[in-house]
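One structure is given here, and the rest of the page talks about it.
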Amino acid sequence: MTIEPLPCVDVVELLTDYLEGALDPATSARIDAHLAQCPPCVTYLEQLRTTVNDLGSLPAQTLSDSAIAELEAAFGDFHRPPAS
Amino acid sequence: MPVAVLERTAACDITAADRDSRHPGVGVKVQPPPAAPGDTDLVARLRAGDAAAFAHIVRAWSPAMIHVARYFVGSHASAEEAVQETWLAVIRGIDGFEGRSSLRTWVFHVLSNIARRQGVKESRTVLSSPVDGEDAGPTVDPARFRPAGDQWAGGWRAEAAPRSWGPEAAALNSEVRALLTAALAQLPDRQRVVIELRDVGGLPAGEVCAILDLSPANQRVLLHRARAKLRERLEGYFTGREQG
Ligand SMILES: [Zn+2]
């Protein structure tokens with residue numbers, strides 16, 4: 001069985017699907033075959049991975065400490081039995 | 001037609017059942033992930049007024065909630081407001097939670113309603129079509145590839161092929177952090193929220209599909225386009241420095 005080659009211009013558009021395991025086995029095999037003999041596409045894939053890793057180490061934006069404290073107080077108030 | 005625009009058969013891979021029912025179309029309704037083990041326990045603790053349980057989910061879920069809220073509203077401050085309002089609604093409404101989805105999916109559903117309403121008040125318009133012009137076309141400059149008719153048509157041109165970023169790229173310095181933060185802010189809304197939830201927040205694909213009501217294929221198209229743009233920004237930074 002011969003594998004129809006895939007040009008770089010198509011490979012770069014399929015790499016997220018490839019990383020996600022979302023490609024059918026035949027297409028995935030074509031990407032594997034391409035990467036095995038195309039260093040620039042391997043570099044591109046590595047750089048996509050680096051981008052994803054870098055994004056993962058960005059500091060999380062979250063609520064301010066005062067906002068969280070307010071919410072915790074609201075939760076406490078809601079569950080405090082009414083004074084009798 | 002650029003490959004990225006084609007809907008491909010594949011999956012966010014939530015459950016085997018979802019995989020069977022997937023459809024390569026737009027707007028496929030994805031089943032929310034099943035209730036996580038411990039969900040029932042968590043709900044019981046919240047209903048009983050367990051402050052530690054509440055504090056835990058507020059801290060764990062608020063970052064992703066801010067990303068989602070920011071999709072509907074015009075500013076970070078406004079997104080924080082929507083998230084706060086959501087938690088207040090959760091405090092009051094937890095008794096009415098029926099457990100048909102996971103608690104987390106329900107909280108995000110409440111958030112979407114609140115943030116969407118707030119966005120309408122701010123007259124912010126969010127594009128609702130699943131794939132628009134910004135989500136079509138090649139993600140890498142076509143000029144970097146050999147033209148049709150060339151013996152190696154579609155292959156990288158030698159002078160335009162990606163070059164290694166070097167060891168510098170392995171450590172994330174504050175300049176790169178600032179560059180990525182600015183580049184994220186410039187992405188189209190839907191690409192931004194998807195990449196923030198997936199790659200910044202680390203949420204699984206299935207959960208992002210459920211929260212944003214995206215088909216698995218569209219989620220991947222948006223993610224890929226966003227990743228490709230950010231990679232290009234980093235490339236400019238690293239290769240620019242190499243030359244300079
Ligand atoms: Zn290649």
With a/c under 1.5 counting as rounded, go ahead and sort segment B:162-239 into rounded, prolate or oblate using the C-alpha gyration tensor (a ≥ b ≥ c being the square roots of the eigenvalues; past the cut-off, prolate if a/b is larger than b/c, else oblate). prolate
Give, in nm to one decimal, the length gained when the segment between A:Glu72 and A:Glu46 is fully stretched (0.36 nm per residue of separation minus the Cα-Cα distance). 5.1 nm
Put a dot 7 Å past each Cα toward the Cβ at B:Ser75 and B:Arg59; how far apart are the dots in nm? 2.9 nm
Which value, in Å², gives the accessible area per residue of segment A:1-56 when a 1.4 Å probe is used on the protein heavy atoms? 46 Å²
Please list, in chain and number order, the residues 5+ apart from B:Phe145 or on another chain whose amide H is under 5 Å from its amide H, with Hs placed from the backbone. B:Arg157
With a ≥ b ≥ c taken as the square roots of the eigenvalues of the C-alpha gyration tensor of chain A, please select rounded if a/c is under 1.5 and otherwise prolate if a/b is larger than b/c or oblate if it is not? prolate
If you take the accessible area of A alone, add that of B alone, and subtract the area of the pair, what total do you get in Å², probe 1.4 Å, to the nearest 100? 4500 Å²
How much mean residue ellipticity at 222 nm does chain A get from its helices, if each DSSP H run of length 4 or more adds -39500 (n - 2.57) and you divide by all residues, to the nearest 500 deg cm²/dmol? -22000 deg cm²/dmol
Please give the FRET efficiency for B:Asp41 paired with A:Ala36, using the beta carbon to beta carbon distance and R0 = 30 Å, rounded to the nearest 0.05. 0.05
Taking amide hydrogens as modeled 1.01 Å from N in the peptide plane, which residues meet the under 5 Å criterion relative to A:Leu6, leaving out close sequence neighbours? none
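The values are calculated or read from the model by the stated rules, or taken from the named source; none is laboratory data. Predicted model only: the values in this text are computed from it and were never measured. Please note: Cβ atoms are built from the backbone with ideal geometry, for glycine as well, and neighbour counts cover all protein chains shown. Please note that ligands, DNA and RNA were not included when accessible areas were found on the heavy atoms of the full protein model with its side chains. Shrake-Rupley method; radii C 1.70, N 1.55, O 1.52, S 1.80 Å.
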